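Asks: This is the structure I want to talk about, given as C-alpha cells.
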Amino acid sequence: MRRTVSLLKKPSFTRVWLFPTWIMLGISRLVILTVTFRRLAPYLGHSVGLQSYTQLLTTEQERRAIQIAQVIRLASRYTPWVANCFPQAVTARLMLGLFRIPYALYFGLTRDRESGEFKAHAWVVAGRVPVSGGHGFAEYTVVGCYLKHIQSETN
C-alpha cells in the first residue's frame, strides 16, 4: 500500500513510463544475453572509437533527459533480473532515441586495485545529464563511444 501511495506522488512522466521502462530493462537484458555485441553495436549509435563527445541540449531536452534518468533508476530497483549498467545504458539509449534527444553511450574499463581484474562499465550522457551509469569518466578509461545526433526539424 505504501509503495502504491509513493508511486501516485511521483511526477506523471514517472507514473506513465515506469512499467514500459521496466519492460525495456528486461528486453535489454535478454538482448544482451542472446545477441553478440557485434550485432548489437549498430543499434547503439554511430561508433566514434575512443573520442568523447557532448552535444548541447535545449532546456526541454535536458529536462526530459533528467526524467528519463529518474525513471530508469526507479525501474531498475524493482527488476527480478540483473539490471546493471549495460541494460540500463541500452534502455537509456532506447528512451532517448524515442524522445529524439542526442546522447553518447560510453564503455569503459578500469583495473580493480585489490584483485587486479578488469571491471567494465557502461554509461549514457545526454548533454550534461548523466542518464545512466553516473559519471563514469572519473573512474573508467573510455574504450568505446557511440553517438546519436538528432537533427532538428528545420535542418
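Asks: Report, ordered by the first and then the second residue, all pairs with beta carbons closer than 6 Å, sequence separation of six or more or different chains, a first member in segment 94-116 that is under 24 Å from His46 (Cα atoms), and a second member that is among the aromatic types (Phe, Trp, Tyr) and assigned to a strand (DSSP E or B).
Replies: These pairs meet every condition: Leu96/Tyr103; Leu105/Tyr146; Tyr106/Trp123; Leu109/Phe118.
Asks: Where in segment 1-110 are the helices (runs of 4 or more DSSP H), entirely inside, with at least 3 residues that are within 15 Å of Val124 (Cα to Cα) and at pLDDT 95 or above?
Replies: Output list reads 59-77, 85-98.
Asks: Turning to a different aspect of this structure: How many of the residues making up segment 99-126 are small (Gly, Ala, Ser) and surrounded by fewer than 18 Cβ atoms within 10 Å (Cβ to Cβ)?
Replies: Number of matching residues: 3.
Asks: Being among the hydrophobic types (A, V, I, L, M, F, W, C), within 16 Å of Tyr53 (Cβ to Cβ), in contact (Cβ under 8 Å) with a residue 40 or more places away in the chain and in contact with a Phe, Trp or Tyr (Cβ under 8 Å, 6 or more places away or on another chain) narrows it down to one residue among Val142, Val124, Val129; which is it?
Replies: Val142
Asks: Scan (1) in contact with a Phe, Trp or Tyr (Cβ under 8 Å, 6 or more places away or on another chain); (2) loosely packed, with under 12 Cβ neighbours inside 10 Å; (3) hydrophobic (A, V, I, L, M, F, W, C) for the single condition Leu96 breaks and write down its number.
Replies: (2)
The values are calculated or read from the model by the stated rules, or taken from the named source; none is laboratory data. Being a predicted model, the structure only gives us computed values, none of them experimental. Cβ sites come from the backbone with ideal geometry, for glycine too, and all protein chains shown count toward neighbours.
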